Amino acid sequence: MAVTQAETIRVAPSEGGMRLDRWFKARYPALGHVALQKLLRTGQVRVDGRRVKAAARTIAGQRVRVPPLGPGKTIVRRHMPGPYDAQKVRSWIVHQDDEVIVLNKPAGLAVQGGAKTAHHLDGMLDALAFGAERPRLVHRLDRDTGGVLVLARNRQAAIALGSSFKSRKVVKVYWALVRGAPKPHRGRIDLPLAPSGHGGSRRMAPARLDNADAQDALTHYRTIAAAGAKVAWVALYPKTGRKHQLRAHMSAIGHPVLGDGKYGGQSAFIADDLARRVHLYARALRIPHPAGGTLEAVAELCDHMRESFAYFDFSPEDAAEPFGIQSGLHSNRTTIPL
């Protein structure tokens, strides 16, 4: 919905205590920092009729005046998810406690929106507030990759979880089906990556570290099973979190992820009976819990991955997690009923 005339919005109970600029960012994500500062400086934004600064803290029940914008500068307000989306996103919950929600994100769903992405997970998170704050994204998964995704239920949890990701205290394990059987069966891929190409052909490619755009990228891999020399089921542990890291690394060693035409070309498609979708899934995650202890979560495979596992007679139910995350969820926190 575009804001084309002034409107007054009441601060919700869950929004009390937020900085005003963050309140605007949550409700009007398309409004840039510079534009908001101008609205505040000129007094077009008012709280309970008074001028305010960006750092002012909101109080539940306050009335915030949101001004109209000039031609060509519409702000799009975040929509509340409808009943269908709310039901769907709640069905993806695999764990919930006071600080954290863990989802099994479907493959094919974008985490955040963009110019051509109207339907995305971020637009559905109001359905997971459950009377408290709107959950916050603390990490990402590619649109084509489903699996374990962690959300923070409050600002303090977001800070703690974000710090764990930044300091690489998180163990993320992915399952993939790849072309061929890697030799050796286990190892590490230490290969810097940098953006390459333009537009729809843009991808991450191996690069020298003296390339100004290159970032170090390290992946550990272990083969769990193989269908002869045709296909292997591998577990992947990215020590770094670069864009498309696992897809680029597996392609670089000659074993592209099945269904990944972007990085594997035609060699990523080996049978007409298999879904032409990327066969990569965020299987498990271990992270320090914001309230202490450790949270471990494991996601069930999505439909196209499960069907392809059956096609090659792989049995995910019997597999041991090769990087130490068990086939279950363990936390020192109590799960909260929905």
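The values are calculated or read from the model by the stated rules, or taken from the named source; none is laboratory data. Note that the structure is a prediction, hence the values are computed from the model and not measured. Counting neighbours? That spans all protein chains shown, and the Cβs are built from the backbone with ideal geometry, glycine included. Note: accessible area is taken over every heavy atom of the protein model, side chains too, but ligands, DNA and RNA are not part of it. Shrake-Rupley method; radii C 1.70, N 1.55, O 1.52, S 1.80 Å.
The alpha carbons of the stretch 171-307 occupy a box of 47, 41, 31 Å along the principal axes, longest dimension given first. Probing with 1.4 Å while keeping every protein chain in the model, the per residue accessible area of the stretch 201-290 equals 43 Å².
Inter-part distance, the stretch 162-225 to the stretch 230-258, computed on C-alpha centroids, equals 6 Å.
For residue 313 and residue 51, the FRET efficiency from 1/(1 + (r/R0)^6), where r spans their Cβ atoms and R0 equals 56 Å, is about 0.25. For the set 88/169; 169/262; 25/172; 239/262; 169/230; 183/262, the pairs lying more than 26 angstrom apart at their alpha carbons are 88/169; 169/262; 25/172; 169/230.
Of the beta bridges in the chain, as assigned by DSSP with both residues counted there, near 95 percent are antiparallel. Label separation (residue 303 vs residue 26): 3.5 nm, computed from points 7 Å beyond Cα along the C-beta direction. Extending 7 Å from Cα along the Cβ direction at residue 132 and again at residue 209 yields two label points whose distance is 4.2 nm.
Multiplying each eigenvalue of the alpha-carbon gyration tensor of the stretch 135-236 by 5 and taking the square root yields semi-axes of 28, 21, 14 Å, largest first, rounded to whole angstroms.
As a test of the formula, what do you get for the chain when each DSSP H run with n ≥ 4 contributes -39,500 (n - 2.57) and the sum is divided by the residue count, at 222 nm and rounded to the nearest 500 deg cm²/dmol? Walk me through the intermediate numbers first.
Working: 7 runs with 59 residues, N = 338.
Counting only the DSSP helices, I get -5000 deg cm²/dmol.
Roughly how many percent of the accessible protein surface of the chain is carbon and sulfur, given a 1.4 Å probe and a whole-percent answer? After summing per-atom areas, the C and S share lands at 49 percent.
Based on the Cβ-Cβ distance from residue 276 to residue 34, what FRET efficiency comes out when R0 is 56 Å, to the nearest 0.05?
Working: r = 43 Å, r/R0 = 0.77.
Taking R0 as 56 Å, the efficiency between residue 276 and residue 34 is 0.85.
For the chain, the pair-distance distribution built from all alpha carbon pairs, in bins 10 Å wide starting at 0, is 5, 22, 28, 24, 14, 6, 1, 0 percent.
Within the chain, the longest run free of trypsin sites (Lys or Arg not before Pro) that sit in a DSSP loop with at most 13 other Cβ atoms within 10 Å is 277-338. Modelled label positions at residue 59 and residue 169, each set 7 Å beyond Cα in the direction of Cβ, lie 3.6 nm from each other.
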